[in-house]
Number of protein chains: 2
Amino acid sequence: MLDLIEYKELIEKELKVFFTQKKSESELDEQKELITILEDYTLRGGKRMRAYLLYLSYMGYGGKDFKQVLNASLSVELLQSFFLIHDDIIDEDEIRRGGITPHKYYEEKYKKIIKNKTKHLGNSFAILCGDLAFAYTNELMSKTNNIKSIEELNKVTAKVIFGQKRDMLTNYKDYNKEELLQNHILKTASYTFYGPLKIGMILAGKEEYITELSNNLGIAFQLQDDLLDIFGDEKTLGKPIGSDLKEGKQTIIIKETIKLAERKDKEYIQKILDKNMGTNIDIEKVKQIVISCGAKEKIENMIGEYFNKSLVELENTNLLKESKDSIKDIVVKLKSRQF
Amino acid sequence: MLDLIEYKELIEKELKVFFTQKKSESELDEQKELITILEDYTLRGGKRMRAYLLYLSYMGYGGKDFKQVLNASLSVELLQSFFLIHDDIIDEDEIRRGGITPHKYYEEKYKKIIKNKTKHLGNSFAILCGDLAFAYTNELMSKTNNIKSIEELNKVTAKVIFGQKRDMLTNYKDYNKEELLQNHILKTASYTFYGPLKIGMILAGKEEYITELSNNLGIAFQLQDDLLDIFGDEKTLGKPIGSDLKEGKQTIIIKETIKLAERKDKEYIQKILDKNMGTNIDIEKVKQIVISCGAKEKIENMIGEYFNKSLVELENTNLLKESKDSIKDIVVKLKSRQF
């Protein structure tokens with residue numbers, strides 16, 4: 001069985017082959033450009049963890065057709081690009097994976113020739129870029145020659161869309177902790193863990209309950225994301241920190257901070273959430289508040305617990321030992337992830 | 001074989017069943033709302049011509065499984081919603097199919113509770129609404145249990161996306177007539193005619209060249225659309241007229257008008273295209289110019305020729321007579337379409 005580094009290399013090589021093929025079939029410059037933007041975005045970053053989990057699941061459930069699992073793995077990487085490109089438009093993020101996002105690329109490009117509305121134009125082209133990613137996602141999955149994988153892929157996608165909608169509303173609505181955890185399951189667990197593991201299993205022709213396993217992993221993973229938005233290093237992360245705060249997003253860590261912090265600190269955080277600070281947020285001060293009130297430690301403990309629960313669930317699956325061990329390795333690596 | 005009215009009724013009944021099922025599976029209000037917006041948009045209009053063409057192709061190539069063709073037909077109707085919803089965002093259209101577009105719905109809704117950025121928020125939710133439509137498109141197509149139909153569906157989708165990109169650029173770039181015709185093939189022929197006919201054929205297990213047939217129909221259909229944008233009746237059309245003009249879009253009819261009109265009229269049209277008139281366009285004056293210079297007649301003749309060429313191509317296919325006759329009936333109806 002391949003390790004993550006070997007599989008990542010292979011996936012990236014195959015993604016290049018796929019995009020080269022698509023470009024060579026293009027008759028139009030505007031078409032080539034859109035594919036190139038998507039290619040660059042897909043290839044310039046990404047842990048390929050979703051692709052690898054799909055592979056581990058497939059092999060661990062006794063799958064034998066390497067070409068099949070490879071196409072499904074490429075598909076989930078394109079799915080990730082699709083979600084991120086539309087997400088970047090929605091969140092108005094200009095930097096991702098260490099580079100400029102598609103909507104920003106097009107905005108900058110047309111600033112030179114068009115007087116106004118370039119932001120709208122940038123967003124519009126990026127909507128199309130994301131749509132293309134999703135069409136390619138489905139095309140690649142169809143190469144598995146397994147129709148159930150398509151059905152699952154699109155059910156997972158619908159979940160992520162609902163999760164994304166809820167996630168956007170956390171900027172405006174006051175969800176409780178249970179509801180926020182549910183968002184993590186919809187938005188993150190579904191396509192980061194459940195989708196890859198389930199599709200790998202379907203392709204291998206097996207049937208098993210892996211929802212709890214995926215949900216625990218997904219919640220832990222998303223809580224880490226929320227934490228990294230405050231404590232991450234921009235360079236390692238490939239994107240700016242503090243963007244949740246700027247949007248006024250009520251994450252679990254921020255909710256805990258408001259619960260635990262002293263009155264003055266609480267008020268400072270609340271001011272940020274109410275967007276009364278604009279973008280003028282003192283991130284060092286936020287860090288200090290989140291640490292000193294004990295919220296950081298509390299969330300880190302939660303993350304540890306969810307990961308540990310996932311390991312128990314993993315043990316109970318019928319995956320072959322080699323796959324189980326590799327997934328355990330991933331969990332160990334995830335526990336200390338900085339990006 | 002069912003006629004268009006019977007099939008339309010059936011498709012709409014089945015779409016309702018599909019959405020009711022999806023809503024009943026929803027746990028969250030935010031999820032139900034997004035599905036309801038998509039349902040309303042999909043059901044409140046639409047000729048169901050794409051669904052019916054798929055059915056005619058399937059039956060005409062000897063397909064036997066009614067459930068299969070029904071699911072594929074629902075799928076192409078959702079595909080249409082997907083394209084239109086994202087298109088409405090891009091073109092900033094607020095009315096479609098006689099009602100408010102999804103991005104406008106959400107914008108209006110949040111205007112009541114949020115101070116600013118409601119336009120961006122409306123667009124963001126509508127991006128998700130379109131994405132959901134495309135996920136449902138693929139899920140429905142997967143119910144055909146035919147993997148090749150998925151591959152074709154997504155190849156067609158990619159073409160439409162490239163066509164849409166080119167179409168947007170016609171607001172800024174000066175494409176020649178050949179290039180504009182190519183856009184019509186990519187953006188319109190691909191999913192209005194080629195996709196439905198090809199997928200019906202694939203599901204029926206046949207293989208035949210239908211590109212010319214589809215392209216002729218698609219070009220004629222899109223030229224009609226361009227014409228209706230000037231001469232259509234808003235009520236019958238279900239959307240405002242003159243939107244191409246407002247965007248400064250260089251359609252073939254406008255290019256012809258500039259070529260044929262007298263100098264003063266030419267300048268007036270050019271001013272509109274250069275967006276020097278804002279939204280203050282005298283549509284009656286435009287109509288009069290397009291008619292008097294002969295451009296309207298020229299385009300109408302072109303439309304007639306493309307439809308006639310398509311009838312020759314249709315005759316040469318191996319479709320069963322009953323399907324051929326029904327497609328001919330559609331072409332006859334299309335020739336005089338007012339919406």
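The values are calculated or read from the model by the stated rules, or taken from the named source; none is laboratory data. Note that the structure is predicted; figures quoted are calculated from it, not measured. Virtual Cβ from ideal backbone geometry, glycine too; neighbours counted across all protein chains shown. For the accessible areas, the whole protein counts, side chains as well, though only heavy atoms, and no ligand, DNA or RNA atoms are used. Shrake-Rupley method; radii C 1.70, N 1.55, O 1.52, S 1.80 Å.
A few comments on the model shown:
- Across the range A:180-292, the mean sequence separation of Cα contacts (distance under 8 Å, 6 or more residues apart), normalised by length, yields a relative contact order of 22 percent.
- Neighbourhood net charge (10 Å Cβ-Cβ; Lys/Arg +1, Asp/Glu -1) for A:GLY130: -4
- Estimated FRET transfer efficiency (B:ASP325, B:LYS259; beta-carbon r; R0 45 Å; 0.05): 0.70
- Counting Cβ atoms of other protein chains within 10 Å of each residue's Cβ and taking the mean over peptide B:152-158 gives 6.
- As a fraction of the 1.4 Å probe accessible area of the range B:219-339, surface on carbon and sulfur atoms comes out at 49 percent.
- A:GLU297/A:THR20 FRET efficiency (R0 51 Å; Cβ-Cβ; nearest 0.05): 0.60
- Backbone N under 18 Å from the A:GLU305 label point (7 Å along Cα→Cβ), restricted to the range A:172-188: A:176-185
- Over all distinct Cα-Cα pairs of the range B:65-123, the Kirkwood formula returns a hydrodynamic radius of 13.0 Å.
- Electrostatic bookkeeping for A:LYS275 treats Lys and Arg as +1 and Asp and Glu as -1; over the other residues with beta carbon under 12 Å from its beta carbon, the sum is +3.
- Which listed pairs, of A:LYS239/B:LYS109; B:LYS119/B:LYS264; B:LYS23/B:LYS335; A:LYS148/A:LYS328; A:LYS159/B:LYS249; A:LYS8/A:LYS235, have C-alpha distances above 30 Å, in listed order: A:LYS239/B:LYS109; B:LYS119/B:LYS264; B:LYS23/B:LYS335; A:LYS159/B:LYS249
- Label sites at B:LYS64 and A:ILE95, each approximated as a point 7 angstrom past Cα along Cα to Cβ, lie 6.3 nm apart.
- For the chain pair B and A, buried accessible area totals roughly 4900 Å², probe 1.4 Å, rounded to the nearest 100.
- Sulfur and carbon atoms: percent of accessible area, the range B:85-172 [1.4 Å]: 48 percent
- Probe 1.4 Å, protein heavy atoms only - accessible area per residue of chain A in square angstrom: 41 Å²
- Applied to the range B:24-29, the Karplus parametrisation 6.51 cos²θ - 1.76 cosθ + 1.60 on θ = phi - 60° returns per-residue 3J(HN,Hα) values of 5, 7, 7, 9, 10, 4 Hz, with x for Gly and Pro.
- Contour excess over end-to-end distance, with Cα ends at B:GLU212 and B:LYS148 and 0.36 nm allotted per residue: 20.9 nm
- Taken residue by residue and averaged, Cβ atoms of other chains lying within 10 Å of the Cβ of A:323-331 number 0.
- GNM flexibility winner over chain B from B:ALA133, B:ALA51, B:ALA158 (Cα, springs under 10 Å): B:ALA158
- Cα centroid separation - the range A:275-304 against the range A:217-267, whole Å: 6 Å
- D_trans [Stokes-Einstein, Kirkwood Rh over alpha-carbon pairs] for chain B, 20 °C, 1.002 mPa s, µm² s⁻¹: 102 µm²/s
- Trypsin sites (Lys or Arg not before Pro) restricted to the range A:1-60 and DSSP loop, no more than 14 other C-beta within 10 Å: A:ARG44
- Semi-axes of the equivalent ellipsoid for the protein assembly as shown, Cα gyration tensor, largest first, Å: 44, 31, 21
- With contacts taken as Cα pairs under 8 Å and at least 6 residues apart, the range A:241-339 reaches a relative contact order of 25 percent.
- Shielding score for A:168-177, defined as the mean number of other chain Cβ atoms within 10 Å: 2
- Most mobile of A:VAL290, A:VAL312, A:VAL160 in a GNM of chain A (Cα contacts under 10 Å): A:VAL312
- Remark: spin-label model distance A:ASP282-A:TYR172 equals 3.1 nm, labels positioned 7 Å along the Cα→Cβ axis.
- Residues of the range A:109-124 buried by at least 50 Å² on assembly (accessible area, 1.4 Å probe, chain alone as reference): A:HIS120
- Between the beta carbons of A:LYS266 and B:LYS117, assuming R0 = 30 Å, the FRET efficiency works out to 0.70 to the nearest 0.05.
- On a per residue basis, the convex hull of the C-alpha atoms belonging to the range B:179-335 measures out at 115 Å³.
- Distant-in-sequence amide contacts of A:GLN250, defined by a placed amide H-H separation under 5 Å and a gap of 5 or more residues or a different chain, comprise A:ASN171.
- Relative contact order computed over chain B (Cα-Cα under 8 Å; 6+ residues apart), in percent: 19 percent
- Cβ-based charge dipole, chain A, positive-most Cα from A:GLN21, A:ILE147, A:LEU132: A:LEU132
- For the range B:30-56, a decrease in accessible area of 30 Å² or greater in the assembled protein chains relative to the isolated chain, with a 1.4 Å probe, applies to B:GLU30, B:GLN31, B:LEU34.
- Helix-only CD estimate at 222 nm, as mean residue ellipticity for chain B, using -39500 (n - 2.57) per DSSP H run (n ≥ 4): -23500 deg cm²/dmol
- Result for chain B in a Gaussian network model with C-alpha springs under 10 Å: among B:PRO102, B:PRO196, B:PRO240, the largest mean-square fluctuation is at B:PRO240.
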